[in-house]
Ligand SMILES: NC(=O)c1ccc[n+]([C@@H]2O[C@H](COP(=O)([O-])OP(=O)(O)OC[C@H]3O[C@@H](n4cnc5c(N)ncnc54)[C@H](O)[C@@H]3O)[C@@H](O)[C@H]2O)c1
Ligand SMILES: [Zn+2]
């Protein structure tokens, strides 16, 4: 038996933010990030709509990108004091993910961060509050997913919390919020969405319910992402839907080792001021992982099918997979994303020598590979990498060398 879970209500289209007026409750806590929602006026609108719905509103502001366990615990404490019956998380993946984890702790104060990380084993939620997510980036789709990614900075590791219970009750996908994204954010979040759709499509847990949304998302992202990056606002609006479809697929089919590797490298060099942004990490690793996974015959056919859907040409499955890899690399070029960690610079743009020193990378490689294998996303990857293979794969992602193993 498999389960397919989505928010009960999904409001989409321009102006969908107004759906906040329909929430029924007494107290809402709005959780937001560092200031973009406030600066752009969306926070004030959200407050106004919730007050119109008759709710008392309190803000929890300042959730940092790649939120920490400490922030989660602080937010949960604020919730315990205010006692909201609605949690409204607004912004990119970071504030929404943090609010999901705060919600778990608020509902179950005895639950430790280690407890939360036990896959699909959370206690029941919704005894105290319901959850509404309003996304402002076009990538993570956390507004519809049963995942939350929290970083333990002491260990330098990102942990996915996964449970059907944390899929929000209400998702608001209003493209007005995504139109203000700067170019770099558009590129990274867009390639994150592409990775979600492709990994979900080849996941060992894919099914008849996840396949169609994954394929449709891939087609939309192929058509719209580069245009959106170049300022086409119709394409930008489409991307907001496309990433949400990709999220509907991966939330129910899970992901693969591109994400395992991104989770375990993202914060691994934070002590060198070197943070590898999630979407950029995925964009660099995806072509390498496709080459690795395509050694599995079923995965190869499924990648070939994706290439056909993208109308990339090719006569054999091998040619089609090669065309898919080439297409993704050309998208990275169009989006100004480097092809490997070695060339990933401080500003995330391609540079001759990136900010992750080679000797540090090699020294930490065995540990990072071990952690990546242990990541929850590895469970549904079509090929199970050994420690040696994962190290080779990560090296290929560092140097941009060919994957022929
Ligand atoms: N829960 C999931 O299923 C899932 C999936 C993939 C990634 N993630 C996680 O999500 C996080 C990344 O989220 P993200 O990529 O959405 O970025 P983010 O939330 O970290 O935001 C990045 C920056 O963009 C700004 N910003 C956000 N929206 C904006 C807008 N509309 N206009 C201008 N600026 C805006 C923010 O203020 C912030 O400074 C990572 O921690 C990643 O691991 C979660
Ligand atoms: Zn992702």
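Bear in mind that the values in this text are calculations on the coordinates, not laboratory data. All figures in this text were calculated on a predicted structure; none of them were measured in a lab. With ideal geometry, Cβ positions are generated from the backbone for all residues, glycine too; neighbour counts draw on all protein chains shown.
From Cα pairs below 8 angstrom and at least 6 apart in sequence, can you work out the relative contact order of segment 9-178, rounded to a whole percent?
Taking the mean separation of contacting Cα pairs over the length of segment 9-178, I get 28 percent.
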Sequence of 278, 196 once ranked by neighbouring C-beta atoms within 10 Å, starting from the fewest: 278, 196
Value of [θ]222 nm, deg cm²/dmol, for the chain, DSSP H segments ≥ 4, -39500 (n - 2.57) each, nearest 500: -15500 deg cm²/dmol
Global form of segment 193-265, assessed from the alpha-carbon gyration tensor, a/c cut-off 1.5: oblate
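Could you work out the relative contact order of segment 183-399? I mean the mean sequence separation of Cα pairs under 8 Å and 6+ apart, divided by the number of residues, in percent. Display every interim value, and only then the final one.
Values: 360 pairs, mean separation 50.9, N = 217.
So the answer I get is 23 percent.
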Of all DSSP beta bridges in the chain, antiparallel share, percent nearest 5: 25
C-alpha long axis of helix 183-202 to longest principal axis of the chain, angle in °: 70
Listed residues 247, 75, 256, most fluctuating in the chain (Gaussian network, C-alpha, under 10 Å): 75
Between 0 and 90°, nearest 10: helix 278-293 axis offset from the chain longest Cα axis: 40
Most mobile of 67, 212, 297 in a GNM of the chain (Cα contacts under 10 Å): 297
Average Cα contact separation per residue, the chain, under 8 Å, 6 or more apart, as relative contact order %: 14
Among 301, 254, 386, residue whose mean-square fluctuation peaks in a GNM of the chain (springs only between Cα atoms under 10 Å): 386
Sites residue 399 and residue 233 - FRET efficiency at Förster radius 35 Å, r taken between beta-carbons, to 0.05: 0.40
For 87, 215, 166, order by how many other beta-carbon atoms lie within 10 Å, fewest first: 215, 166, 87
Kirkwood-based Rg to Rh ratio, segment 1-150, C-alpha trace: 0.94
Mean projected area (nm²) of the alpha-carbon convex hull when segment 183-399 is viewed from all directions: 10.7
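By the gyration tensor of its Cα atoms, with a ≥ b ≥ c the square roots of the eigenvalues, what is the shape of the chain: rounded for a/c under 1.5, prolate for a/b over b/c, or oblate?
Working: a/c = 1.65, a/b = 1.45, b/c = 1.13.
Prolate shape, in that a/c is at least 1.5 and a/b is the bigger ratio.
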Likely footprinting exposure, 88, 258, 119, 403, fewest C-beta neighbours within 10 Å first: 119, 403, 258, 88
Rounded tilt (10° steps) of 211-229 against the dominant C-alpha axis of the chain: 90
